[in-house]
1. Given the convex hull of the Cα atoms of region 19-64, what is a quarter of its surface area in nm²?
2. Go through region 67-147 and name the trypsin sites (Lys or Arg not before Pro) that are in a DSSP coil and have 16 or fewer other Cβ atoms within 10 Å of their Cβ.
3. Looking only at Cα atoms, what is the convex hull volume of region 1-111 per residue, in Å³?
4. Using Cα pairs closer than 8 Å and at least 6 residues apart in sequence, work out the relative contact order for the chain, in percent.
5. Excluding SER69 itself, what net charge comes from residues whose Cβ is under 10 Å from its Cβ, given Lys and Arg +1 and Asp and Glu -1?
6. Calculate, axis by axis, the spread of Cα positions in region 82-144 along the three principal axes, and write the results as whole Å, longest axis first.
7. Any idea what angle helix 97-111 forms with the longest principal axis of the chain, computed on alpha-carbon atoms, 0 to 90 degrees, nearest 10?
8. May I ask for the net charge around GLU43, where only other residues with Cβ less than 14 Å from the Cβ of GLU43 are counted and Lys, Arg are +1 while Asp, Glu are -1?
Amino acid sequence: MSILSGISEFFGLDIGTTAVRLVELHNSGRSKALVKYAFVPLEQNIALSESKVDQQKLAQAIKDLVDQSNVTTKNVAVGLPSQRVFTTVVDIDRLSADEIAKTIKYQADSLIPTPLAESKIDWAVLGDSAKDKDKIEVLLTSVTNSL
């Protein structure tokens, strides 16, 4: 099941090269409603730096942004650079959500390029498979825990 399934409110955090941006969203029927938007500019290249000092500055900027925007939830979705995220679409048998989760858990080591113990994976059902009427398409993504 998707990581945000069943979560009624969350905030999105985008760590860019020039700023950190935040949006808070709440469920509004079948869609999400924008509750807050905030951003804080960053010193040049701080988000790309491997330096502990720069990482601490970035962490403090994020903390200050979250505190100052008065976010009301602890649920967060973080934007990651697409070149650092593995994404694929796989066809699997039509199963219940629980069975899909189990199938992905057991097959993920053959589907993603990084070891499961070192990765966070997530998935979402896209719909019917275009190739096989008895299957569904599932979007699978993974990223290393270190990122």
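Each reported figure results from applying straightforward, stated rules to the coordinates on display, with no laboratory input. A quick note: this is a predicted structure, and the numbers were derived from the prediction, not measured. A quick note on method: Cβ atoms are made from the backbone with ideal geometry, for glycine too, and the neighbour counts reach across all protein chains shown.
1. Details: hull surface 15.5 nm².
So the Cα hull casts an average projection of 3.9 nm².
2. Values: sites: LYS74, ARG84, ARG94, LYS102, LYS105, LYS120, LYS131, LYS133, LYS135; in loops: LYS74, ARG94, LYS131, LYS133.
When the trypsin sites (Lys or Arg not before Pro) of region 67-147 are filtered for loop state and at most 16 Cβ neighbours within 10 Å, LYS74, ARG94, LYS131, LYS133 remain.
3. Details: hull volume 16.2 nm³, N = 111.
In region 1-111, the Cα convex hull volume per residue is 146 Å³.
4. 23
5. On the way: positive: LYS36; negative: GLU24, ASP64, ASP67.
Computed value for this residue: -2.
6. 33, 23, 16
7. That works out to roughly 80 degrees.
8. -1
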